[in-house]
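**Q** Have a look at this one before I ask anything.
The values are calculated or read from the model by the stated rules, or taken from the named source; none is laboratory data. In this text, all values refer to a predicted model and were calculated from it rather than measured experimentally. Glycine also receives a Cβ, built like all others from the backbone with ideal geometry; neighbour counts cover every protein chain displayed.
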Amino acid sequence: MQGAIAVIGYGLGTLGPGIGIGMLVAKTQEATARQPEVAGKLFTNMLVGSAFIEALGLLGFVAGILWL
């Protein structure tokens, strides 16, 4: 039963990064629509932000595995 609880916990832990990436992409699209000339810089910043958010998701995954 302990392993199943860890899987459920990881599933709940992915909600935060998923919402974070969704908000990041949405705001980048809004900013690109307002100022198309800075789209390249915004895209670069979006990728860096996505990497940090994904790192949080992976940390949750590793913590779930180590907890078993």
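**Q** Among the listed residues ALA31, ALA4, identify the single one that is loosely packed, with under 14 Cβ neighbours inside 10 Å and either in contact with a Ser or Thr (Cβ under 8 Å, 6 or more places away or on another chain) or in a helix (DSSP H, G or I) (or both).
**A** Unique residue meeting the criteria: ALA4.
**Q** Right, something else. In region 39-50, which residue that is out of contact with any Ser or Thr (no Cβ under 6 Å at 6 or more places or on another chain) and at pLDDT 90 or above is surrounded by the most Cβ atoms within 10 Å (Cβ to Cβ)?
**A** ASN45
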